[in-house]
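Input: a single structure, listed below in structure tokens.
Computed from the coordinates by the stated procedures, all read-outs in this text should not be read as laboratory data. Everything numeric in this text was worked out from a predicted model, so none of it was measured. Please note: Cβ atoms are built from the backbone with ideal geometry, for glycine as well, and neighbour counts cover all protein chains shown.
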Amino acid sequence: MALGTIGRRIRQFQRLRRVVRVLAKYGLGAIIERLDLRQYLPLPSKWKPAPIDTESVAQSRSLAQRATNAMQELGPTFVKLGQFLSTRPDILPAVYLEEFSRLQDRVDPFPAAEARAIIERELGGPTERFFSRFDEEPIASGSIAQVHLAETTAGRSVVVKVKRPGISKVIVADLELLEDLADRIEDYIPEARVMRPRMIVDELGRHLRRELDFLHEASSTQRFHNAFADSDRNHCPEVLWELTTASVLTLERMSGRRISEFVTSGDVAVKKQLAAALFDFYMKQFFELGYFHADPHPGNILVDKSLRINIVDFGLTGRLSDELQGILGTAIIALRHKNVKLLAALLEQAEVLTEQSDVGQVESDITNLMDTYMGMPLGRVEIQQLFAEMTATAQRNSMLLPRDFVLMGKALVTVGGLARALDPEFDAASALGPYMKMVVRKKLSAEGIARSASLVAFHGMNLLREAPADLRRLIRKALTGGLSFNFQHKGLDKLIFDLDRSSNRLAFSIIVASLVVASSLILNAGKGPLAWGMPVLGIVGYVLAALLGLWLIWAILRSGRL
């Protein structure tokens with residue numbers, strides 16, 4: 001094994017001990033027990049029984065708060081995990097979503113001198129060559145980066161985002177640990193498999209690795225800037241590519257007041273205008289662009305003096321692929337015709353249903369939702385309530401919604417809530433109507449049908465062309481004895497490990513007992529070299545048996561299982 005691998009394993013072991021101790025500190029011993037991690041606790045804690053929560057795990061406010069506190073203490077990667085989970089109402093109960101959404105990704109800023117050093121290293125020259133002014137005090141500081149106001153030598157006001165030193169190594173190491181823990185959860189806690197812990201950690205890993213590389217955020221930001229470059233109602237910052245690298249991101253500085261400030265002040269007509277403009281801005285992102293800003297909290301939406309809406313922070317974005325839009329269009333048609341069977345088939349096509357999903361129960365729940373909302377005027381439909389009921393249905397039926405769909409739903413609810421706060425009479429459902437019709441028209445248009453038909457034809461032709469060769473290879477393997485089947489067992493790793501450990505301890509105990517018996521026989525015989533009137537070999541055997549016995553007792557105590 002390479003030295004680098006050994007060093008990484010040692011660091012991972014130390015970090016795991018830290019994670020287990022923090023879980024124990026916040027009374028999450030039941031998790032430690034279920035995952036068989038008690039051996040990583042300090043010795044006295046191993047003898048304490050794991051606490052049992054009297055409340056239901058799904059509804060326990062106390063458990064959710066303690067898990068939140070533990071993630072906050074464990075640092076940036078675990079904070080990001082909690083924030084990531086807070087965007088999945090289809091997986092977690094509401095009480096956990098509420099608590100995890102309170103996790104704060106704010107830490108003390110690192111010195112401005114370090115920020116300057118990073119900028120100089122990344123851009124290849126002294127800071128003064130690129131910025132005529134660079135504010136020492138950051139305006140925001142997070143676990144991954146901090147943001148400084150600056151002015152370029154060309155006189156342009158910008159914001160400069162600088163990556164925190166050493167944060168990449170910390171997050172990558174924690175992600176490796178989380179991957180191991182996710183595998184352990186799937187092996188040791190069968191009821192948690194429906195949440196697909198490994199899939200969640202893999203998604204989190206992809207998101208964090210993109211967040212660590214500022215070029216991804218720069219590309220997303222520039223894409224939105226280009227899309228709305230000609231609009232006089234909406235604006236997104238421009239990227240200064242000559243001052244941007246993987247660790248430094250320089251953007252045009254956006255001006256304006258937070259949109260939430262207009263809720264309690266301002267002209268009623270202005271607030272109505274802003275409500276309609278904001279909602280329309282996001283509908284265009286969802287259904288015309290196919291990609292959208294997925295973090296529309298009030299701090300990221302600014303309104304300038306001309307009432308133009310400016311959006312900042314494109315670290316979290318979502319995408320509605322053509323396939324997802326096509327499924328959405330078909331779903332709208334199915335809803336219009338009350339075709340529950342087609343809706344269930346669409347969920348299966350989108351891989352939303354899992355092995356635990358009962359299709360009959362899914363169809364029943366969809367029918368109940370349709371009965372509630374189909375006869376209701378659009379103006380009476382509360383989007384937030386509808387989305388909450390949809391995600392509750394998904395959770396109840398062990399469904400896993402596409403993450404981009406969930407992000408779109410949460411963004412839609414947030415933007416709808418902001419629009420309603422600005423204009424209590426704003427009808428979000430009616431404003432959404434024309435875009436739903438557009439999705440259906442796109443699905444049923446000649447171009448849409450031709451695109452779908454060509455895709456089906458392409459895959460069909462490929463299948464027909466490759467089928468004879470595939471069949472020939474299969475027959476050849478069968479005739480030559482090369483055809484084999486692989487079987488994989490699940491859930492037996494822990495049993496095998498426990499049996500292996502038990503057999504090793506039993507063998508060790510037999511050796512200790514044999515040493516005691518042999519030493520007793522030697523002492524009784526009185527043969528061989530003597531010391532203090534006793535055979536030396538007998539004394540050595542007793543001492544060795546005592547040491548090995550103490551070692552065995554220590555190993556049993558260390559494992560936490562007497």
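Please tell me the relative contact order of the range 257-444 in percent, rounded to the nearest whole number, where contacts are Cα pairs under 8 Å and at least six residues apart.
32
Would the range 297-406 count as rounded, prolate or oblate if I go by the C-alpha gyration tensor, calling it rounded below 1.5 in a/c and otherwise prolate when a/b exceeds b/c, oblate otherwise?
prolate
Quick check: residue separation of Leu149 and Ala227 times 0.36 nm, minus the Cα distance between them. What number comes out in nm?
In short, 25.5 nm is gained.
Extending each Cα 7 Å along its Cβ direction at Glu389 and Ala269, get the distance between those two points in nm, one decimal.
3.8
Based on the Cβ-Cβ distance of Arg501 and Asp322, what FRET efficiency does E = 1/(1 + (r/R0)^6) give at R0 = 56 Å, to the nearest 0.05?
The calculated FRET efficiency here is 0.60.
What size of dipole, in debye to the nearest 20, comes out for the chain about its Cα centre when the only charges are +1 on Lys and Arg C-beta atoms and -1 on Asp and Glu C-beta atoms?
1580
How big is the shadow of the Cα convex hull of the range 106-253, averaged over all directions, in nm²?
11.1
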